[in-house]
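Below: one structure, written as structure tokens.
The values are calculated or read from the model by the stated rules, or taken from the named source; none is laboratory data. This structure is a prediction, so every number in the text was calculated from the model and none was measured. When we count neighbours, we look across all protein chains shown, and the Cβ atoms used for this are built from the backbone with ideal geometry, even at glycine.
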Amino acid sequence: MVMEIVCPAGTPAALRAAVKAGAHTIYCGFADETNARNFPGLNFDRTEMRESVAFAHHHGSKVLVAINTFPRAGDEAIWHRAVADAESCGADAVILADAGLLDYAARHHPNLRRHLSVQAAAANADMVNYYADTFGVKRVVLPRVLSVPEIAAINAETEVETEVFVFGGLCVMAEGRCSLSSYATGRSPNMNGVCSPASHVEYHDHNGVLDAQLGGYTIHRAQKGDAAPYPTLCKGCFTAGEKTDYLFEDPVSLNAEQLIPQLQKAGVTALKIEGRQRSRSYVTQVVRNFREAVDALEEGRPLPQGMLARLSEGQAMTTGAYKKTWR
Amino acid sequence: MQLTVAPIPFFWSKDTWSTFYEEIAETSVDRVVLGELVCSKRLPFFQGQIPGAIERLIAAGKDVALTSLALITLKRERKLTADLVEMGLEVEVNDLSVLAYLPKGTNFSVGPLVNVYNEGTLRWLTSLGATRICLPPELPLASVEILAKEAEALGVTIEVWGHGRLPLAISGRCYHARLHGRTKDNCQFACEDDPDGLDVATLDGQPFLTMNGVQTLSDSYATTVHQIDQLRAAGVTALRLSPQSQGFADLCHQYRALVEGQCNGEAVLNAISGQTPEIRFSDGFLTGDRGVAMSTPAIAART
């Protein structure tokens with residue numbers, strides 16, 4: 001079977017672009033704190049979601065709704081309503097991270113297909129099977145801490161479909177288990193659906209040297225004219241011992257395009273692209289390229305080479321944890 | 001208010017490890033959670049000491065539980081987890097995978113690295129046998145209050161992160177190894193020289209984080225000294241104190257005096273600062289501020 005391309009959409013226009021570019025599946029979220037890309041001006045209201053799902057279905061694509069933050073105590077109803085609305089909008093599945101919310105969805109919306117978000121960081125076969133047995137989860141998005149052989153080992157031990165990230169932003173920490181952002185800014189992926197938020201970024205120019213700060217902490221310094229990457233905490237520059245460097249991860253993004261054949265052999269069902277905050281043209285290009293790659297693979301043709309380098313915006317690329325030496 | 005000693009997050013020599021628990025046995029803490037939380041490669045170095053420490057602590061009247069690893073991925077780690085639940089002692093779940101190994105109906109406790117953010121998750125864990133939950137340190141007092149109320153109705157003990165460097169993240173990658181130009185598999189135990197983790201500063205030289213192998217901690221020592229009354233009023237019945245290499249037994253005594261109303265929060269902070277003057281405190285997660293923030297007693301009283 002051809003590998004499924006799962007593409008992000010931050011707006012109805014991006015969703016339509018992805019559908020037209022050949023995405024098998026699109027994932028998106030409601031415009032509130034229930035999803036982990038809760039950025040200003042992004043995401044779907046209920047009417048947009050209903051219309052977008054209808055558009056996608058009309059063109060043979062599926063829509064997954066990410067409700068993947070952790071419901072706030074006392075306000076669970078907001079997340080419960082999101083699950084109900086995803087179902088009534090016709091979503092093909094919801095992507096959930098919180099165990100309590102999975103339990104709720106399984107009991108109250110048994111016919112709505114459930115996927116486990118990467119934010120749940122299910123990193124071994126026992127956990128994957130446990131989520132399947134307990135909450136009827138049909139697909140698990142694997143955390144970005146696993147090597148390809150480890151992914152193969154998980155697939156050998158489970159019937160649950162697996163989906164892996166192949167392109168875009170890269171979490172260095174186990175997803176859903178990181179509060180670096182809220183430590184520095186008070187806003188976190190788990191609670192607010194944001195990481196290293198733009199509202200807390202400042203750039204300061206000191207005689208031709210540009211400092212990038214997050215929450216008042218200087219974590220990148222560049223000569224004027226050099227690239228100034230966005231100051232994401234885990235990709236910042238720090239000092240420990242004698243060394244000043246990118247101690248956690250370089251300012252890189254993930255590109256596993258050349259590992260697609262190995263991921264298929266490892267039993268992976270779907271390839272996920274990060275970036276609901278990305279533009280329509282970006283989405284179109286990435287989808288076209290990945291669709292070309294999985295179609296080539298299916299037909300036994302060689303993969304197109306270096307197809308996505310131009311989309312990385314000058315950023316370095318990594319295959320991340322898929323190669324064991326990354327650790 | 002009970003006091004719980006968290007598992008040692010750092011890599012200490014087996015002698016330091018054993019001496020630490022001998023001292024803990026002499027303190028007035030109620031409960032001790034021990035074992036390896038952060039990195040499975042460290043465990044063989046002190047595994048042989050664990051039964052003796054458990055015996056000593058139980059003889060001293062402490063409740064004892066064994067922690068799971070925080071991130072279980074490798075086959076070896078899954079085997080360790082299966083062995084852990086076989087030991088017959090209460091297990092503190094710090095990775096939900098452990099639930100797959102626990103026989104149905106077994107009681108367990110839940111550690112601060114499991115995402116318990118809301119009533120639904122709390123109820124679900126309780127239905128499986130959770131009798132005690134240490135909430136994630138990221139939670140503000142407003143959430144703690146709601147969860148403690150729910151827990152009280154269910155008969156579950158709620159604990160909060162009371163003191164110590166905050167566990168902010170866990171990764172598949174070892175940063176200590178990376179710092180030394182090595183990979184995790186060939187780490188040569190780069191973390192063993194840093195008994196309280198390795199300081200990570202910003203480009204302005206500002207203390208910020210602490211590196212601990214695959215774990216990232218805060219630079220600051222979180223403390224609840226200014227929120228004891230609010231936590232008690234909310235129904236929180238236990239505080240977790242996270243081990244540090246210097247002055248920990250004394251720190252336990254200080255917190256005991258505090259929860260028994262024999263001294264105030266400032267006095268505790270002064271006493272701790274007297275032992276380790278270079279440390280910084282924070283309570284921002286609890287007050288709903290950014291985690292690194294620290295309230296003064298006057299501000300804390302208003303939150």
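Of the residues that make up the stretch A:72-82, is at least one under 21 Å from B:Lys79 (Cβ atoms) and in contact (Cβ under 8 Å) with a residue 40 or more places away in the chain? Explain how you work it out, then say what you get.
Filtering the stretch A:72-82 down to residues under 21 Å from B:Lys79 (Cβ atoms) leaves none.
Among the residues of the stretch A:72-82, not one is under 21 Å from B:Lys79 (Cβ atoms) and in contact (Cβ under 8 Å) with a residue 40 or more places away in the chain, which makes the answer no.
Across the stretch B:191-220, what is the number of residues that are in a helix (DSSP H, G or I) and more than 10 Å from chain A (Cβ to nearest Cβ)? Break it down into steps so the answer makes sense when it comes.
Here is the first cut: in the stretch B:191-220, the residues in a helix (DSSP H, G or I) are B:191-193.
So of that shortlist, the ones also more than 10 Å from chain A (Cβ to nearest Cβ) come out as B:191-192.
So the count comes out to 2.
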- Note on the structure: Flagged pairs (Cβ under 6 angstrom, 6 or more apart or on separate chains; first in the stretch A:32-58, on the phi > 0 side of the Ramachandran plot and buried (at least 18 other Cβ atoms within 10 Å of the Cβ); second at pLDDT 95 or above and assigned to a helix (DSSP H, G or I)) are none
- In the stretch B:23-74, anything farther than 24 Å from B:Gly247 by Cβ, of a type in the set (S, T, N, Q) and either over 15 Å from the mean Cα position of the chain (by Cα) or at pLDDT below 95 (or both) is listed as B:Ser40, B:Gln47, B:Thr73
- Note on A:Glu274: of the conditions (1) modelled with pLDDT under 90; (2) in the same structural domain as A:Leu142 (by TED's automatic domain parsing), unmet is (1)
- Out of the stretch B:99-127, which residues are closer than 21 Å to A:Ala123 by Cβ, more than 9 Å from chain A (Cβ to nearest Cβ), not aromatic (Phe, Trp, Tyr) and not in a loop (DSSP other than H, G, I, E, B)? B:Val110
- Query: Restricting the search to the stretch A:91-138, which residues are more than 9 Å from chain B (Cβ to nearest Cβ), under 28 Å from A:Thr47 (Cβ atoms) and part of a loop (DSSP other than H, G, I, E, B)?
  - Reply: A:Ala91, A:Asp92, A:His109, A:Pro110, A:Asn111, A:Leu112, A:Arg113, A:Ser117, A:Lys138
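Kindly provide the set of residues from the stretch B:134-148 that are within 7 Å of chain A (Cβ to nearest Cβ), closer than 12 Å to A:Met191 by Cα and in contact with a strand residue (DSSP E or B) (Cβ under 9 Å, 6 or more places away or on another chain), ordered by number. Steps first, please.
The initial filter retains those residues of the stretch B:134-148 that are within 7 Å of chain A (Cβ to nearest Cβ), namely B:138, B:143, B:146-147.
Going one step further and asking which of them are closer than 12 Å to A:Met191 by Cα, we end up with B:138, B:143.
Hit for the stretch B:134-148 is B:Glu138, nothing else.
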- Counting only helices (runs of 4 or more DSSP H) wholly inside the stretch B:244-300, the ones holding at least 3 residues that are small (Gly, Ala, Ser), within 14 Å of chain A (Cβ to nearest Cβ) and crowded, with 17+ Cβ neighbours inside 10 Å are none
- Query: Is there a residue in the stretch A:157-165 that is under 19 Å from the mean Cα position of the chain (by Cα), under 21 Å from A:Leu259 (Cβ atoms), surrounded by 22 or more Cβ atoms within 10 Å (Cβ to Cβ) and among the hydroxyl-bearing types (Ser, Thr, Tyr)?
  - Reply: yes
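For (1) under 30 Å from B:Ala142 (Cα atoms); (2) touching a Cys at 6+ places or on another chain (Cβ under 9 Å); (3) without any contact (Cβ under 8 Å) to a residue 40 or more places away in the chain, each residue gets a yes or a no:
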site	(1), (2), (3)
B:Pro195	no, no, no
B:Val200	no, no, yes
B:Leu209	yes, no, no
B:Arg232	yes, no, no
B:Thr237	yes, no, no
B:Asp250	no, no, yes
B:Glu260	yes, no, yes
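Of everything in the stretch A:70-86, what is at the interface with chain B (Cβ under 9 Å from one of its Cβ atoms) and either in a loop (DSSP other than H, G, I, E, B) or within 21 Å of the chain's Cα centre (by Cα) (or both)? Give them in sequence order. So that I can check it myself, show each step before the final result.
Step one: list which residues in the stretch A:70-86 are at the interface with chain B (Cβ under 9 Å from one of its Cβ atoms), which gives A:70-76, A:79-80.
Once the filter is applied, which keeps residues that are at the interface with chain B (Cβ under 9 Å from one of its Cβ atoms) and either in a loop (DSSP other than H, G, I, E, B) or within 21 Å of the chain's Cα centre (by Cα) (or both), the stretch A:70-86 yields A:Phe70, A:Pro71, A:Arg72, A:Ala73, A:Gly74, A:Asp75, A:Trp79.
Among A:Ser188, A:Ser253, which is the only one that is of a type in the set (Ser, Thr, Tyr), within 17 Å of the chain's Cα centre (by Cα) and within 11 Å of another protein chain (Cβ to nearest Cβ)?
Working: A:Ser253 fails: within 11 Å of another protein chain (Cβ to nearest Cβ).
Matching residue, one of A:Ser188, A:Ser253: A:Ser188.
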